[in-house]
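Trainee: My questions all concern the structure below.
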Amino acid sequence: MECIERDYVMEKKGAVNEFEEKKIELRENLISDLEEKRKMVEAERHSMELTGDSMEVKPAMTRKLRRRPNDPLPVQSEKRRKPPPATLNYFLDDKEIETDLKIISRGKLPQTNVRKPGKTNAF
């Protein structure tokens, strides 16, 4: 019985010692990982400062408030206008356009406009 009890006590002490060693090792690993990550974050922060903070460069958004009744109207700057579209060259006569519109409105397509394979329509 004494021999078994001694073995039990020795194994228990060995397990406790091994647990403490593993705990210390894991704690050291976690601390070293944390320090590495901290250094990486610090390096990224410094590199961001070198390139300039794009967050601070953005202009502050202004809100459009309602105009008070006695305030003068704000002066509007000239808006850029699109250039007028180029003149259209119609290849069809007015009558042909009207007949095509009638056909489209009815939902029917004439059989003469169906393309045959191998032939192309040149515009």
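Every number here is computed from the coordinates shown, using simple stated rules; none is lab data. Note that this is a predicted model, so its numbers are computed, not measured. Here the Cβ positions follow ideal geometry from the backbone for every residue, glycine too, while neighbour counts run over all protein chains shown.
Trainee: Taking 0.36 nm per residue of separation and subtracting the Cα-Cα distance, what length does fully extending residue 81 through residue 46 add?
Mentor: Net length gain for the segment: 8.1 nm.
Trainee: Describe numerically, in nm with one decimal, the distance between label points set 7 Å from Cα along Cα→Cβ at residue 1 and at residue 23.
Mentor: 3.2
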